[in-house]
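The values are calculated or read from the model by the stated rules, or taken from the named source; none is laboratory data. Note that the structure is a prediction, hence the values are computed from the model and not measured. Here the Cβ positions follow ideal geometry from the backbone for every residue, glycine too, while neighbour counts run over all protein chains shown.
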Amino acid sequence: MLNQNFLQAYYITTARELARMVGIRKAPILHHFSESITGAATIRCFNQEERFLMRSLSLIDDYSRIVFHNSGTMEWLCIRINFLFNLGFFLVLIILVNLPKSAIDPSELLLSHIFSDPTSRETIHTNLQPRIFGTL
């Protein structure tokens, strides 16, 4: 429990800081782009296209670095959430396997699975459809 609270606090502070840094890195790109569009004639007149292009690419690189770390943080969270979900699902399956056969009716178990998992509804619906409406 202590480890979970530490990871949660660590993730929240990191995610908040990364979101702030994404906003900080995005603003100069938008500002430089709007200024470049406004002064396009002047930039071309003084033959400074290459300098403005390099500055734009540099700003985009800085932004991309932060977005990459932000995406990595989101993946980190998703992996941990998936692990916890799979662990819980595994424990429930172990409990269900060890229950006596008379404890749960298999038809009720199938219905509860169908109503809890949207992908299983589609699978069962497509598997039953040819039987209901005849052979296609």
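Among the residues examined, Ile12 does not qualify as at pLDDT 95 or above and surrounded by 10 or more Cβ atoms within 10 Å (Cβ to Cβ). Based on what the data block shows, is Ile43 more than 22 Å from the chain's Cα centre (by Cα) and surrounded by 14 or more Cβ atoms within 10 Å (Cβ to Cβ)? Considered against the rule, which asks whether it is more than 22 Å from the chain's Cα centre (by Cα) and surrounded by 14 or more Cβ atoms within 10 Å (Cβ to Cβ), Ile43 comes out as yes.
Selection over segment 20-47 of residues that are of a type in the set (Gly, Ala, Ser) and within 16 Å of Asp62 (Cβ to Cβ) gives a count of 2. Remark: Ala19 falls outside the filter, which requires a residue to be exposed (fewer than 10 other Cβ atoms within 10 Å of the Cβ) and not acidic (Asp, Glu).
Scanning segment 1-58 for residues that are closer than 18 Å to Gly72 by Cβ and hydroxyl-bearing (Ser, Thr, Tyr) yields Tyr10, Tyr11, Thr13, Thr14.
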